[in-house]
Amino acid sequence: MKPKDRSRLKIILVCTVLVCLLAVLVDSFRRFLLPLKETAIVHTLEGGLEMWRSEFDVYPPSDANDPNGVPYCGAMRLCEALMGRDLKGFHPKSAFRADGRDETGTRQLYPSDPDPNNLRARSRWYFDEDGLMIDGLVHRLSDIYGVGRTGPFDGNLPVLCDVFIRRHKTGIKAGMPLLYYRANPVSTVLDANNPDSPANIFNYRDNHALLALGTPRDAKARHPLTDPSAFYKIVQARKELQIRPDCAYLLISAGPDGLYGTKDDQGNFLPPKSQ
């Protein structure tokens, strides 16, 4: 090999090494920034929930089923309350029904092509639209889990997702749904020995059917938060370090590992010291 060719080869090798190092540094920096971004989004959603409460005197419900017993979980109710089922704003006559109708069942509040009167009745999004980088954070359930993999839920229902985006089997890049649990203001305990006790502050059922879907890649994957007793133990560990002293609600992101109930979860709480 000629000296000139050796010099060129050395330059190419050095450039290759530098590009690889730069890629590693960029990926590490991105991993460092994502939890900070998720924290900022959670704070934005907290502000939106406070705006909602100031208008309706209560926080949005998070019950597992709608008034007719049809599955419509906390994550879906959070998205409807803050943005509307069609992302055109919340309708104040909503009864949080899975079919999007009013409490009488006669009027569809979220038609696919809303008329002007319907839109005028809607509330604004309950957060600063510029403050929440919404692109990529709202997805239909079937975009995340796949058609036919949404269990008892309508796959077209939207959910707010976290920022830990990954490409799913559907081909869609998305995070995992943000779980929402409203506290029962007259309850005082978190009883892991009696998960079904009506005295528990939070109800594990509120998103239990969503957790039962597993992960987008593996329907058989089990989230630690799926176990009712583990739910209360994990929440208790975090409640002791809760940012919100009144424990009015919980927002839970699955974190980078995509599993709910592990140490990298984020939300309106501080990470537990041990779990």
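Under the Karplus relation 6.51 cos²θ - 1.76 cosθ + 1.60, θ = phi - 60°, what is the ordered set of whole-Hz ³J(HN,Hα) values for the stretch 209-220, x standing for Gly and Pro?
Computed from phi, the couplings for the stretch 209-220 are 5, 6, 5, 5, 6, x, 10, x, 8, 8, 5, 8 Hz.
Multiply the residue separation of Asn194 and Lys173 by 0.36 nm, subtract the distance between their alpha-carbon atoms, and state the gained length in nm to one decimal.
Taking 0.36 nm per residue and subtracting the Cα distance, the gain is 3.7 nm.
When N is the residue count of the stretch 34-267, what does its C-alpha Rg come to as a fraction of 2.2 N^0.38 Å?
The reported ratio for this selection is 0.96.
Mind giving me the FRET efficiency for Ala219 and Asn68? R0 is 25 Å, r the Cβ-Cβ distance, nearest 0.05 is fine. Mind dumping the intermediate values first?
On the way: r = 27 Å, r/R0 = 1.07.
With R0 = 25 Å, the Cβ-Cβ based efficiency is 0.40.
According to a simple spin-label model (label point 7 Å from Cα along Cα-to-Cβ), what is the distance in nm between Asp257 and Asp57?
Roughly 4.4 nm, to one decimal.
Extending each Cα 7 Å along its Cβ direction at Ala212 and Leu87, get the distance between those two points in nm, one decimal.
With each label point 7 Å from Cα toward Cβ, the separation is 2.9 nm.
How far apart, in nanometres, would the label points at Leu119 and Arg166 be if each is projected 7 angstrom from Cα along the Cα-to-Cβ direction?
3.9
Would you mind ranking Arg140, Arg124 so that the residue whose beta carbon has the fewest other beta carbons within 10 Å leads the list?
Arranged by neighbour count, lowest to highest, Arg140, Arg124 become Arg124, Arg140.
What ranking of Phe202, Phe56, Phe90 emerges when the number of other C-beta atoms within 10 Å of each C-beta is taken as an exposure proxy, fewest first?
Phe56, Phe202, Phe90
Please report Thr44, Thr215 as a ranked list, fewest other C-beta atoms within 10 angstrom at the top and most at the bottom.
Sorted ascending by nearby Cβ count, the order is Thr44, Thr215.
Just so you know, all these numbers are worked out from the coordinates, no wet-lab data involved. What you see is a predicted model, and the numbers here were worked out from it, not measured in a lab. Every residue, glycine among them, receives a Cβ derived from its backbone with ideal geometry; neighbour counts consider all protein chains shown.
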